[in-house]
Amino acid sequence: MASPLSANGFLDALRDEGLTVVEVGDWRHHNRNHKGPWGPVHGVMIHHTVTSGSAKTVRICRDGHPGLPGPLCHGVITKDGRVHLVGYGRANHAGKGDDDVLRAVISEKALPHDNEANRDGNRYFYGFECENLGDGEDPWPEAQLEAIERAAAAVCRRHGWTARSVIGHKEWQPGKVDPRGFSMNTMRARIAERLK
């Protein structure tokens, strides 16, 4: 079990991993903590946004929309490889997912197939939303893929986790497809190599 990093610790971890970080408004205090606890944290979850345009994407992820208030993640990774911090604390990104997957993440074992939604993931995961239409055709620039790798590795490094602590939304919640367009196994391999 791990307590979440402080907001400053999170920012330092990302910068220490060589990322360009953009701080959006009062991100350190923008959260959904009044809806429940955040922590203990066990892993990092990667998403795609189904949006295009960096400014619009960052705004939506910070503010949310009528059906889902923001923040919708902790960091937004845009196509140029920048990480925009939009919130810190509990965020509306993971939703309910499979407790068997959570147990596998905690023990850093191979993930089982997600077949139920019975655990609150917003409590347990750091979330990165990645600018992409999510149609399987919108490209993933190398700068963005490298930023995903570095951001996930930064959090894992600070917590002493391996790459097995990084999952896609599609591996957590039945019916989700994000991130679409790259393999999470390949991304975990990249993260593992960076953590060596």
*asked:* If I ask for residues that are of a type in the set (Gly, Ala, Ser), out of contact with any Phe, Trp or Tyr (no Cβ under 7 Å at 6 or more places or on another chain) and closer than 16 Å to Gly89 by Cβ, which ones from the stretch 53-76 would you list?
replied: Gly64, Gly70
*Of all residues in the stretch 162-196 being within 20 Å of Lys96 (Cβ to Cβ) and among the hydrophobic types (A, V, I, L, M, F, W, C), which is surrounded by the fewest Cβ atoms within 10 Å (Cβ to Cβ)?*
Val177
_Quick check on my filter: what residues within the stretch 58-67 are more than 15 Å from the chain's Cα centre (by Cα) and either buried (at least 24 other Cβ atoms within 10 Å of the Cβ) or modelled with pLDDT of 95 or more (or both)?_
Arg59, Ile60, Asp63, Gly64
*Just to be sure, is Glu149 in contact (Cβ under 8 Å) with a residue 12 or more places away in the chain, out of contact with any Lys or Arg (no Cβ under 9 Å at 6 or more places or on another chain) and not small (Gly, Ala, Ser)?*
no
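The values are calculated or read from the model by the stated rules, or taken from the named source; none is laboratory data. Treat the numbers as computed from the prediction; the structure is a model and nothing was measured. For neighbour counting, all protein chains shown are included, and Cβ atoms are generated from backbone atoms with ideal geometry for every residue, glycine included.
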